[in-house]
Structures are given as C-alpha cells and as structure tokens.
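The values are calculated or read from the model by the stated rules, or taken from the named source; none is laboratory data. Everything numeric in this text was worked out from a predicted model, so none of it was measured. All Cβ positions, glycine included, derive from the backbone under ideal geometry; neighbour counts span all protein chains shown. Quick note on the areas: whole protein, heavy atoms, side chains included, nothing else; ligands and nucleic acids left out. Shrake-Rupley method; radii C 1.70, N 1.55, O 1.52, S 1.80 Å.
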Amino acid sequence: MNITVTVNGKRYQRDVEPRTLLAYFLRESLGLTGTHVGCDTSSCGCCVVVFDGDRAVKSCTAFAVQADGHEITTVEGLAQGGKLHPLQQAFWDCHGLQCGFCTPGMLMTSYALLSHETNPDEAQIREALAGNLCRCTGYQNIVKAVQQAAGEMHAPASAPQPEPVAS
Amino acid sequence: MSTTIEPEAEKHAMGVRMKRKEDPRFIQGRGRYLDDIVLPGMLYLALVHSPYPHAKIVKIDKSSALAVDGVVAVLTGEDLAAHGLAWIPTFHGYDKQMVLCVGKALYQYQEVAGVIATSREAAVDGAELVDVEYDPLDPVVDPFAAREDKIILRDDRENKTNHIYHWEVGKRAETDAALAASDVHVKERIVFQRCHPAPLEPCGAIADMNPATGRLTLYMTSQAPHAHRTVVSLVTGIPEDKIHVVSPDIGGGFGNKVPVYAGYVVAAAASVVLGIPVKWVETRTENLTCTGFARDYHMDVEIGASKDGAVTALKVTTVADHGAFDAAADPTKYPAGLFGIVTGSYDFANAFTELDAYFTNKAPGGIAYRCSFRVTEASFAIERGMELLARKLNMDPAELRLKNFVKKEQFPYPSPLGFVYDSGDYHMTLRKALDMIGYDDLRKEQAEKRARGELMGIGISTFTEAVGAGPSKHFDIMGIKMFDSAEIRVHPTGSAILRAGTKSQGQGHETTWAQIAAEELGLDPQNIMVEEGDTDTAPYGLGTYASRSTPTAGAAIAMASRKIRERARKIAAHLLEAAEDDVEWVDYKFRVKGVPENTVTMQEVAFAAYTNPAPNTEPGLEATFYYDPPNLTFPYGAYIAVVDVDRETGFVKVRRFLAIDDCGTVINPMVVEGQIHGGLTEGFAIAFMQEIRYDENGNNLNTNFTEYLVPTSLETPHWETSNTITPSPHHPIGAKGVGESPNVGSPAAFVNAVMDALAPLGVTHVDMPLTREKIWRACRQAATA
Amino acid sequence: MFPAPFDYHRAGSVDEVLALLAKYGGDARILAGGQSLIPAMRFRLARPTVLVDINGIGDLSYVRETDGVLAVGALARDAELERMERLASAYPLLADTSAVVADPVVRQSGTVVGSLCHNDPAGDWAVTALAGRASIVVRGANGTRTVAIDDFLVDSFATTVAEGEMAIEVRFPTPPARTWGSYQKIERKVGDFATASAAARVTLAENGTIASSGVAIGAAGPTAQRVKDAELILNGAKPTKELVRAAADAARKLADPAADTRGSVEFKKDMAGVLVGRALTTALERLGVEGLR
Amino acid sequence: MNLEYSGRERIAAGRETVWAFINDPAKIAGCMPDVIESHVVDEHTFDAVVQVAVGPVRGKFKFHVVLIPQPGGEHMDLKISGGGFGSVVDLVAGADISVQSDSTVLDWKGTATMRGPLAAVGGRVLDAQAKRVITTTFANVKAQLNSAPAGAA
C-alpha cells in the first residue's frame, strides 16, 4: 500500500505491507533508528513517537499505514537548527539517561505532555511517564529533566530586561 | 531531602559532576545499538520454541516452513550437530548446554529450530510452520523434588542425578557447636526468588562471515566481547584472529548479556554456512524465557547470639535451582560465586555455609543480575537474618547492627569465610543514615501509629559487598584470569584515545574512564575519547559485570596513565632542561623541584613526544596496562526504608528510602547517584513485584512485560541518597565500584521494613516479591490466629 | 513478534465500515485505537484477514454533552476524557476511570467504545458504564439500536454487537444534583489490567438518604457486573458505615473471579468488597456524609 | 496453567442409549462446537479441527480425542490433546453416568492444562474458550439425545 507520511517535517512516500509496524517502518524504511523496540506488548514505550504534534503513540502498536497523511515527530526531529530541544538539553544536564535505550521514548512522551501541560508538577510528570519503562535511572532524574525543560520552554521568552543603569 | 555527593577535595577531573560524554548521541536518537546495524543482503533469524518443559523431540518437519516465501533455511539441533555445534560449554565450564534441542526439550521455550529468511516477518511466518512432534515427559519444576532423583533430566550426563554440585566453606563443626551453645537462636527458610535482569534492549547478534577473507564479524549485545571471542574460537575452531567481536551501544545489561545464547550461535552457524550476514534480535518473550535468569536460592539461615545480642555463629544451607543446564555465571573456582560474603558487615566468630545445586525443567542461568556473583543472595540472607534476630531479642535492629559490626580498626578484616575486607567504617555510615533519616523520631511516630492500629515499618540494611573479580590467583573463567586492561594513546595535540577491556551498558565509562585518565594526566577529560567493545582494537579484558569495571579496568586506566606520566617525565626533563630526578608532577604539571614557575603541561609534553622527543627515547606517548587486582574491593552501605502498610489491601507505600553508600573514592558523583537510583529501583522491583514463576506444569508465567513487572515512574519511590568515603587501600585511586550496591542492599531494607510494619501482628517472614496478596494474607492470618 | 498478513481498508464513514464488514464478514476486524487488537495480532493470537481502520472517520471523534447525556464517539480516546475539565466536576466516575485505564501513552490511542466492545473481563470502562447506567449505540445494516450496558455485555470478549455491526457511541446519563461517583482499581502496576475494580455512584435525596445508586465490579467474573444487591441495600437507606459494609459484602458475595497471576479467588473476592466500600465511601464523603470510617 | 470445569446434564434417555452415544467418536465429534473438520481414527479415537473465536482471538485448534470407556458402563474418561497458536492444551475429562428417576444423569468434570504462549498471554481468553468448548460439547450430547426419537440411538 502506498502511503505519504511527514516525518520530522520531511515528506516520504513509501510502499508498505499493511502489517508493517510503524516502529519498523521508521527504523528500516526511513532509517530513523532512534525509535527503539523493547517489548512486544505495548508495555515499555521505547518506541513512542508523536502524531500531529501532541499525541504520543507507541509505534510498535500502530501500523505504518495508519500514519498515512499524518505528521510524525521522532527523537531525530527534536533538535532544530543544530540546537538541542530543551528536553534533550535537560535530559543531558540532569543525567536523565544511562543506557539511552528508553530515552527517545521518554523524550517523545514528555514532548507530547508539554504540548498539553505547560507547567506540570512532579506528580503529573510521574503520571504522564508511567507508560514508559526505564531500567537504569529510577526515573528521578528524568522527572527532574522534564521539570527543567518545562521551565525552560515556557519561561517568558522576552521577559523585559532591567534597564541598564547609566553610570 | 537529598544530599549530593561532593568531592572531598578540589580535583581536576576526579570527583567532578561532569555531564556525560556519551549522552549527545543518545538524546538525539543517534546511538548505535545492535538492531540499528544493517548490513547489505542481511538475512533474519527467528527461533522456534518448545511449548513443553520436558519432552522428547520425535520429529521435526521443516517442509511447510521452507515453502514460505522468503525462507532460506531451517536449522535444527541435528543440523548443528553436523558442525559440532549442538552443544556449547557453559560460562564457567562445568557443564555444557544445547544450542538447539537435541533429542529432548528440557525447559519450556527452549529453542528447537531456527528459521532464516529474507525479512523479519518471513522468518516469523516460517517459524510458525515448523512442525515439531513432541512426546511429553513429566517435568521437574521444584528443586526439592529434583533432589529426589525420581526423574532424571540430564541423561546426557555421566552421573544419573539431578544434583549438580555441593559447595561449602567455613567450619561446620565449630559453627554447629556455637549455634547449639548460643543463648538465642533464629532460623528461617529465606527464598530469593527467580528473577530476570530484563534490560530494555533485548539481546541480539549479527553474524557476518566474509567468505573472501574467512573472517567472522560478530556484532553482539555483549558485556564481555573478548571472552566471547575466545569462547567462539574454542567452540568453532575458527582461529581467534579470524573472529572480530563488536559490541555496539548496549541498552542495559545487568548481567543478562554475559552468557552466550542460542540465537548468537545459530546466527553465526547460519552465516558461516550461507556466507551471508544473519541478524537475530530476540523478542521480549525470548528474553524472559530463554536467557539468563538470576537468584532462585532457597536459603536456610541460622544465627546464634548471646542474650545481650552479640552474634556468635552463622550457618546458611542453600538449595539452588539452576534450571536445565548449569549455566550459572560464576568464576570457575567459585560455583556459588561470592556467596561467602554472607557474614556481611558483622564479626562472626564462627560461620559455615553450604550449597547444593540441582537441575530442574526451567531455563538455565543463575547469572549475576546487577550483582557480584551471588552477593545479592548472601546480603539478603544475612540482613534478613539480623532483622529476625533483633526481633527475637526484642532489640532495636540498628542497635543490634552497631553492636556487631566489624570495627574500623579491624580492617583489613579476615572474614570467617575467607575474604579479607579492605576497608570500611560501618559505624560511621549507619550513624549518618540514622541521623539523616531522623531514626528516633520515626520510631516515635511508629509507636504512636501502632497505638492507633496503623502499620508502619522501618527497615535497615547494612550490607557489605565483595566486588571487582578479581585477583588472578583466585578468579578465572575457564582458565582466563579475571584481570582487566587499558590502553591510552596521547595524541600530539594533547587529546587522547583510551581503550579498555570493559564494556559500558549505560554505566557511563566514556565519561568516567576519561575522568580517571584526565586526573592522572592533567588532560581535559572532554578530549579523551573512550572506546570499548571492539576486540580488534581494545586490549583484552573480561568485560563489565559484577561491579568489576572500576576495581579492575578503572585501576588499569590509572596505572596506564601513570606509566605515561613516567615516560612523560623524561620528555618533560628534556623540555625543562633538567635532570629527570629533579622533575616533579605537581598540580597537574611537570615542574623543576625548587623552581615552581618552571613548568610544562602534559599537552606540551605530548606535542614534544611526536615533534621533539628526547634523545635516545622512543617517540610517541602511549601505554597499556593489564591490572591484576591484589584483592577484591568491599563497598558497603546503610539503607533505611520507611513504609506504611494498608492492611485491607496489602498495599505497601514506601514513604521514604535513604541510601548511604560507601564506594570509596568517587569518580563522578552524578554518575554514582544515577547508579544508585537505578539499582534501588531494581531492588524495589524485586522486593515487591518481580518474579519468574513456573506453575506446576512447568509453564513460565512471566513471559513478557505484562507479567514480568517493571515498576513505572508512578510506583517508584523518591530516593534520598548520600555517601561516606572510605577509600580502598589497595586500589590505585581508592575506588571500589558502586553499580550494584543498591540492588544488593535494598531488597532486605524493603522486606525488613514491611516485616517491621507487620510485627504487631506477629508476622516474621514473607518471601519476596511482597505482593499485595501475600501481605493481605499475612494480615488476615494474623487476625484470625 | 510480527502480525500475519492482512488486507487493510480505511473507511471514510460509518456506512463504508458497514459495507466493508458486510463484504468480509467474520474475517474482518475494526481497528480503532488498536491497543488490544494489535498486541494480539503481534502474538498471532488474532489474525484477521481484513482490518477496517475507522481512524479516518473524523466525526466519530467527539465527546459532547447534550440533553442530559454525555455522548462519547467511537474514536474518542481515553486521554481526551482524561483532559476534560468538565468531567472532573460533573462526571467524577468517568474522570476517575479515564485516568487509570492501561497507561498514559496507551490512553492517547485507546478508545472508550473500543474497550467496551473488546469486553475484557478485567477492563475498566464496562464497570464504570454499568454503575453509570450507560448505553451503547450500535449501527448495522438494519439501522441503529441503543443497547443498555447491562444487555450489551454478553460474555468474556463478547458483546451484542453482531457480525456486520459497529458500536458508534456510548452514552452516559448526566448525573443529577447531589450525585458523586468513584472508580477504584487495584493493579499491580500502571498498565496492568485490574486485579479487582469497583465503580460506585450515589445520589442523595434532600433528606440525606440515598435516592439512587449504581454499583459494579470488574475482574470478578466473565464480564463486569452490576452488584444489584448492593444497590438494593443502598437505595432509600441512610448512608452509614454499616450500610457501606453491607453493600461491600454484597459485592464479595457476587464476585466470581478467576485465579490468575494477579491473585487468588479468595483475594480478589475480598478486594471486590474492599473496593466497593472505598468507592462508596469516597462518593458519600464527597457529598458531605460523615462518620463512614 | 490448570483450569477446572464441571457440569451436569440430565438426559431424557436410557442409560444404555447415553452410554452407546458417548462411546461413538463420530457422535461426540458432532457435539463439539465450531468443528471445521473431523476424522474418526478408530472406534475410540477421532481428530477434530475447531475454530476458536473469542474476541480478537481467532484461529484453529487441532484436537486428538481418545474415549476411554471404563468397564461397567458407568464411567467414561476422555483424553483430549491439542494445540494451536504454538501452544498446547491437554484436557482430561471424566463423565459418570447414573440413573435418577426417569432420566440419565451425566456428571462430568475436566481439567485443562495449558502450555505455551497462549497460557501466558491469552489466559483470560483461553479460560473462557475452553469452558465453552467443554460445556457446549456436553450440552450438545444432551440436546442430541433428547431430540433423537426414543430408541433410535
């Protein structure tokens, strides 16, 4: 079946078998291997990508054909213009990753969360991330990172600076 | 409240909270894990598994599978036998294991056949159609039933028994006598359940036999690439120079990626036969059902003590369930690993432990899951035992521990079971923990709550580990000594490449190894590239598991750096126009004694090493060091858990958890904290939810993440951490290793806390995992008793 | 773990779905959120030869409140309900439920109607639908029918939706004044099916007695079930600790769970009671009733 | 995973008739629900392919059924082994026949043992299905005997 998908702003036209899972389509047809597969039961969330800017989807539990006509964001699409996304920066700053395998999914779930919640507290973040498993970090630094990123992203971008005092 | 670990003195690169150098690629989705590697023309392998735990293989019909579009080949145990690959040796060399079933299936999900096809989907389509006729046999699921030898599982072995080995250490007669003479005596059967490391990245391999060069490249999720190269060579007869093992980025290991699995071997055999690369990536079900499990120790723990609480004797008798093959990952001379650490942090005059291991119709393994070879089981046994003793004595568990700790001045402390503990100040560390958590106030609160009928518990675990295997006089794996190595090359402009025989799986070696070298060499850690996992380039080492990397490779890095420094001193002397003996290394620079302003930096020396070497000296600046540790290291800690128990539903709320760790010198406090958070979370999971259970028919009941429960951010408690620093006296930088301490020490703290909460009901012991139902049942039985 | 091959059709309207279902019969399955179906297909437990994807039918993706009914379309996802502020104040039972179905990422795909049609005995929405007296709108070749939830749930994984039909909406009556509800679930961890679950809804009369109630339990039989005896005990009575206990005991008695890795029959039966008690207590306390603990 | 089922059918036919019926593999095969094809192997044995359809789970199970009549004509054992979805199901059932007033009573109970992925991931699905297969089979035995003209069997 022929599908047209926009991934990280780029349009792709591909012929896929209906049974091709979205995760493998992204990884193998498009070469975007940042999206990982860690289980067979929609449990681990390593494969989370974002549909249409705000919906986190486990791409191992969706078929590639379902992405036809949609805009998908994967971890590779977070950094813009050579600059890390605030979430990426925060995960790095806060030691929010160890082996890195769950990280893309964590980032994308957080990305979808922050599209709905501008200033989530610790409890909200812990709740929102509960569909993503991590075996390394114990989540604490991930939660910290999401909080930092939220602050960064939603800080008033052009807050009035104090006037320079004439000397 | 969380206290951060701060370096004790200003250092150049050691003890610094340096952000990780490996992270930029991971946060941008540019890591390179096994399944990310695609080779041209690559085929895919899918495995066929036995639904029976014990059955004769009557017939395997490949024809339907071979008829599937895209299926290239189907391999069975008999096909492998033709290549001498039907069986491979297990980790420590005592036993062998089937690659694919030969004659019999010995556990449910055992690999029966492999289907190789042009796509993943076609391989699975084919696997579904391999028609295997089984003749079911009665399974033996319980190790105590296996002991009866009514059904012999392994008819391939000379001895027709399910008993694998007996192991013991210590003084039996003296211990029995001391136990008999003790005023107070506790005894309990404590089971450390079968669990599984379940790293998020499954295991996998790509075998690429190049028929033109005769060279086999094996990309593997390997925690020990060199050891695997040697094993592959020994098993296949392919010369070791013709084998290239590459372990790419690894998505967590925790011991799971130490053994050699069927998929690796079948992929390799297929590639050798076909001359085409073959990829195998296991499913989560395969990971949980076929690859190395951990624990499954059934321990009878006995402690004797005087009336005032001074311990006199410890005896632990264990039955170990090893599954269908003795594939336990232990050093060859230590079939029960370092279980001898079971006397823990306490000064026992008499101790004895013995263990008998049995085959059952379960998956093989017994790997060191975030654990230094059975140290977790031992720590759990002693820490639960001490809690039971405190209860029996009606003594505060903290007080009992303080009374019996090995004292600071006793180090180096020879333990009754044969270790020499390197360093520690157990009193200081526990006191810090009690202080930080506000122990006295918590006990007051508990008393008030108990008066109201509420169940609150405080649990302590003050464990000691033995890690860093190990000294070559004791530790080897199939004869290969357990040293580790480092090679450092300083480039002309003062940057460097550092290679080690270890292999990070998330521990952050690219950062911490650079920090050690940078500290020793005065270089910028950002410009020391660390490379591991490629057997063509890295020096030989035994890999990363059992908290051995820092004690062995970490030491090798320091020693290789010092070798470079010694060479550099000659060049510095040349540059400073001074005698070599007059040149000293101070503040990360060379200077002439008595002339502190006359200095050269390591960068300047490096440049000179290539552009202006001293006369009659070898150009270049590099060194290799193979470090054979003189002893193990003995990290320790004091953990305190505070829980509230809902007696109606059995729900346990971990209200607080404080971990004070002492891993000696800290390389990167941020990384250490991260390791502790992660290890505590795994300990929490084991204490409350994780188990690989088999039913009475030998069915594995926990075959994927809907049943093998990994806690999420919502269940996981908030961790409080801090540390004390007691450097290892024998390690070049005083570091001890830390990755496993929290997983070793925490289960007992959780269980002790829950048992403390249930104390008013008279409950003394419940085996892990402490599920709601078990707690509910304990509360209910107490209520009706 | 890869599904067996199948043909894929994207429907643009309900009529198109019905036409496709008529054409392919029992070999076709509707793909909505896919959060139960796709994992089953990956394990090849499910192997439909045709999937009819309804995700393109934009006008099924609604949650709207009109004429005393909250209507939830077949494509409304759990997370959309979870995020609706109106739910928390007016439909607390639904708000509770929407926050504990599966896990937060699965909820961004999973649909309420899909969950009801799947009718897993340990699913959440059927319990809430029973306590909330929901009904389901089903369309087929012969037109549209509205089925009360009690009649909708037939057996494990079976509903009255016949071959060739499609459930297009679930309707929850708007709770009257002085009504509160609560959904209680015991799960081993987030993402797990319920070990036990209970939903309760109570409306107080002016005089403080219980005017009406809805009580249901899940994971305690082939399908979720209403605890009618509990409702009988509650209706018309003055809410007391003893009354709540009696209602909880009715749930214990009715519960007929299967033992599995989540727990034994004995444990699950008791939890059915505990959770009914807690759900009632939560709802009643919210309505100002005291002395229940 | 072991699943246990039991039931009782009261049949308006004589003991001999019931006994003869349940000794006939072709007749028992005809009572199993959703049989796609069946094949009588010998006087006590038949193979059947059953269509399984519970919720999203659809597939075929192959069953090998052995009838083991016990001397005395009062007890029948059934051994059913089968598989599908890469999994194995063994079902051991027993039926006692007794006469109570003017009907014959069939008391049956069975234990199903599941092995393989289905036992692990399809527990809830399978339980319902196994129960349905076995209860429907015995219910059909009753239905067929009740609808048969007296003495015809």
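Scan segment B:771-785 for residues that are part of a loop (DSSP other than H, G, I, E, B) and either modelled with pLDDT under 95 or buried (at least 24 other Cβ atoms within 10 Å of the Cβ) (or both) and jot them down.
B:ALA785
Can you list the strands (runs of 3 or more DSSP E) found entirely within segment C:12-130 that contain at least 3 residues being more than 14 Å from every other protein chain (Cβ to nearest Cβ) and either among the acidic types (Asp, Glu) or free of Cβ contacts under 8 Å to residues at least 24 places away in the same chain (or both)?
Values: elements: C:28-31, C:50-53, C:63-66, C:69-73.
Once the strands (runs of 3 or more DSSP E) in segment C:12-130 are filtered for at least 3 residues that are more than 14 Å from every other protein chain (Cβ to nearest Cβ) and either among the acidic types (Asp, Glu) or free of Cβ contacts under 8 Å to residues at least 24 places away in the same chain (or both), what remains is C:63-66.
Does any residue of segment B:413-432 turn out to be over 26 Å from the mean Cα position of the chain (by Cα), among the charged types (D, E, K, R) and buried (at least 16 other Cβ atoms within 10 Å of the Cβ)?
Taking segment B:413-432 as the starting set, the residues that turn out to be over 26 Å from the mean Cα position of the chain (by Cα) are B:427-428, B:431-432.
This time we only want the ones that are among the charged types (D, E, K, R), so: B:431-432.
If we keep only those that are buried (at least 16 other Cβ atoms within 10 Å of the Cβ) too, we end up with B:431-432.
So far as segment B:413-432 goes, yes, one or more of its residues are over 26 Å from the mean Cα position of the chain (by Cα), among the charged types (D, E, K, R) and buried (at least 16 other Cβ atoms within 10 Å of the Cβ).
For segment A:114-150, name all the residues that are out of contact with any Gly (no Cβ under 9 Å at 6 or more places or on another chain), surrounded by fewer than 24 Cβ atoms within 10 Å (Cβ to Cβ) and farther than 26 Å from B:GLN507 by Cβ.
Residues satisfying the conditions are A:LEU114, A:HIS116, A:GLU117, A:THR118, A:PRO120, A:ASP121, A:GLU122, A:ALA123, A:GLN124, A:GLU127, A:ALA150.
Scan segment B:454-495 for residues that are among the aliphatic types (A, V, I, L, M), in a loop (DSSP other than H, G, I, E, B) and open to solvent by 10 Å² or more (accessible area, probe 1.4 Å) and jot them down.
B:MET478
Here are C:ALA141, C:ALA99: which of them is open to solvent by 10 Å² or more (accessible area, probe 1.4 Å), over 18 Å from C:PHE193 (Cα atoms) and among the small types (Gly, Ala, Ser)?
C:ALA141
For segment C:253-281, what are the residues that are surrounded by fewer than 20 Cβ atoms within 10 Å (Cβ to Cβ) and more than 10 Å from chain B (Cβ to nearest Cβ)?
C:LYS253, C:ASP256, C:ALA259, C:VAL265
Looking at (1) over 27 Å from D:MET114 (Cα atoms); (2) modelled with pLDDT of 95 or more, which one does B:LYS104 not meet, given that it meets all the others?
Every listed condition holds for B:LYS104 apart from (1).
Please work out if B:PRO629 is open to solvent by less than 10 Å² (accessible area, probe 1.4 Å) and within 14 Å of chain A (Cβ to nearest Cβ). Please lay out each step first, then the result.
Numbers: open to solvent by less than 10 Å² (accessible area, probe 1.4 Å): yes; within 14 Å of chain A (Cβ to nearest Cβ): no.
Answer is no for this residue.
Inside segment B:247-298, can you point out the residues that are part of a loop (DSSP other than H, G, I, E, B), closer than 20 Å to B:THR76 by Cα and within 12 Å of chain A (Cβ to nearest Cβ)? Before you say what the answer is, go through the steps one by one.
Residues of segment B:247-298 part of a loop (DSSP other than H, G, I, E, B): B:247-248, B:250-261, B:275-277, B:282-283, B:291-292.
Checking which are closer than 20 Å to B:THR76 by Cα leaves us with B:260-261, B:275-277, B:282-283, B:291.
Residues satisfying the conditions are B:GLU282, B:THR283.
Checking B:MET559 against (1) touching a Lys or Arg at 6+ places or on another chain (Cβ under 8 Å); (2) closer than 22 Å to B:GLN603 by Cα; (3) open to solvent by 40 Å² or more (accessible area, probe 1.4 Å), which single condition isn't satisfied?
(1)
Which residues, counting only those in segment B:583-602, are open to solvent by 70 Å² or more (accessible area, probe 1.4 Å) and out of contact with any Ser or Thr (no Cβ under 7 Å at 6 or more places or on another chain)? Don't jump to the end; show me each part of the working.
Step one: filter segment B:583-602 for residues open to solvent by 70 Å² or more (accessible area, probe 1.4 Å), giving B:587, B:589, B:593-594, B:596-597.
Within segment B:583-602, B:ASP587, B:LYS593, B:GLY594, B:PRO596, B:GLU597 qualify.
So, C:GLY68, is that one surrounded by fewer than 14 Cβ atoms within 10 Å (Cβ to Cβ) and either under 25 Å from the mean Cα position of the chain (by Cα) or acidic (Asp, Glu) (or both) or not? It would help to see each step written out before you state the result.
Values: surrounded by fewer than 14 Cβ atoms within 10 Å (Cβ to Cβ): yes; either under 25 Å from the mean Cα position of the chain (by Cα) or acidic (Asp, Glu) (or both): yes.
Yes.
Can you tell me which of B:LEU216, B:LEU288, B:LEU234 is at pLDDT 95 or above and over 17 Å from the mean Cα position of the chain (by Cα)?
On the way: B:LEU288 fails: over 17 Å from the mean Cα position of the chain (by Cα); B:LEU234 fails: at pLDDT 95 or above.
Only one candidate passes the filter, namely B:LEU216.
Which numbered condition trips up D:ALA29, out of (1) out of contact with any His (no Cβ under 6 Å at 6 or more places or on another chain); (2) assigned to a strand (DSSP E or B); (3) open to solvent by less than 10 Å² (accessible area, probe 1.4 Å)?
Every condition holds for D:ALA29 apart from (2).
Regarding segment A:28-38, can at least one residue be identified that is over 25 Å from A:GLU152 (Cα atoms) and in a helix (DSSP H, G or I)?
Taking every residue of segment A:28-38 in turn, at least one turns out to be over 25 Å from A:GLU152 (Cα atoms) and in a helix (DSSP H, G or I).
Mind checking which residues of segment B:690-716 are open to solvent by 10 Å² or more (accessible area, probe 1.4 Å) and over 22 Å from B:GLN108 (Cβ atoms)?
Hits for segment B:690-716 are B:LEU714, B:GLU715.
Can you pull out the residues in segment B:332-378 that are in a helix (DSSP H, G or I) and closer than 20 Å to B:ASN256 by Cβ? Break it down stepwise before answering.
Kept after step one, since they are in a helix (DSSP H, G or I), are these residues of segment B:332-378: B:339-343, B:375-378.
Those that are in a helix (DSSP H, G or I) and closer than 20 Å to B:ASN256 by Cβ: B:VAL375, B:THR376, B:GLU377.
C:ALA158 passes all but one of (1) more than 14 Å from chain D (Cβ to nearest Cβ); (2) open to solvent by less than 40 Å² (accessible area, probe 1.4 Å); (3) among the aliphatic types (A, V, I, L, M); (4) more than 14 Å from C:SER135 (Cα to Cα); which number fails?
Every listed condition holds for C:ALA158 apart from (1).
Please find, among B:THR712, B:THR703, the residue that is in a loop (DSSP other than H, G, I, E, B) and modelled with pLDDT of 95 or more. Lay out the reasoning, then the answer.
Values: B:THR703 fails: modelled with pLDDT of 95 or more.
Answer to the check: B:THR712.
Determine the pairs where a residue that is away from chain A (no Cβ under 14 Å) and crowded, with 23+ Cβ neighbours inside 10 Å, located within segment C:187-215, has a partner that is part of a strand (DSSP E or B) and among the charged types (D, E, K, R) with Cβ atoms under 6 Å apart, the partner being 6 or more residues away or on another chain.
C:ALA194/C:LYS185; C:SER197/C:LYS185; C:GLY214/C:ARG201
Name the single residue that is nearest to the other protein chains (Cβ to nearest Cβ) among those in segment B:751-770 being in contact with a helix residue (DSSP H, G or I) (Cβ under 7 Å, 6 or more places away or on another chain) and not in a helix (DSSP H, G or I).
B:PRO769
Give the residue, chosen from B:VAL186, B:VAL232, that is assigned to a strand (DSSP E or B), among the aliphatic types (A, V, I, L, M) and over 30 Å from B:GLY29 (Cβ atoms).
B:VAL186
Assess whether B:ALA324 counts as being in contact with a Phe, Trp or Tyr (Cβ under 9 Å, 6 or more places away or on another chain) and within 24 Å of B:TYR297 (Cα to Cα). I'd like the intermediate steps shown before the answer.
Working: in contact with a Phe, Trp or Tyr (Cβ under 9 Å, 6 or more places away or on another chain): yes; within 24 Å of B:TYR297 (Cα to Cα): yes.
Yes; evaluated as a whole, the condition is true for this residue.
Do we have any residue at all in segment B:718-739 that's outside any strand (DSSP E or B), within 11 Å of another protein chain (Cβ to nearest Cβ), in contact with a helix residue (DSSP H, G or I) (Cβ under 7 Å, 6 or more places away or on another chain) and open to solvent by 10 Å² or more (accessible area, probe 1.4 Å)? Step through it out loud before you land on a result.
To start, the set of residues in segment B:718-739 that are outside any strand (DSSP E or B) comprises B:718-719, B:724-734, B:736-739.
Subsequent filtering for residues that are within 11 Å of another protein chain (Cβ to nearest Cβ) retains B:718-719, B:739.
When the remaining residues are screened for being in contact with a helix residue (DSSP H, G or I) (Cβ under 7 Å, 6 or more places away or on another chain), the result is B:718-719, B:739.
Retained after the next criterion (residues that are open to solvent by 10 Å² or more (accessible area, probe 1.4 Å)): B:718, B:739.
Scanning segment B:718-739, I find at least one residue that is outside any strand (DSSP E or B), within 11 Å of another protein chain (Cβ to nearest Cβ), in contact with a helix residue (DSSP H, G or I) (Cβ under 7 Å, 6 or more places away or on another chain) and open to solvent by 10 Å² or more (accessible area, probe 1.4 Å), so the answer is yes.
Between a residue in segment A:7-34 that is more than 12 Å from every other protein chain (Cβ to nearest Cβ) and under 19 Å from C:ARG10 (Cβ atoms) and any residue that is open to solvent by 10 Å² or more (accessible area, probe 1.4 Å) and part of a strand (DSSP E or B), which pairs come within a Cβ distance under 6 Å, given they are 6 or more apart or on different chains?
Hits for this filter: A:GLN13/A:THR4; A:ASP15/A:ASN2.
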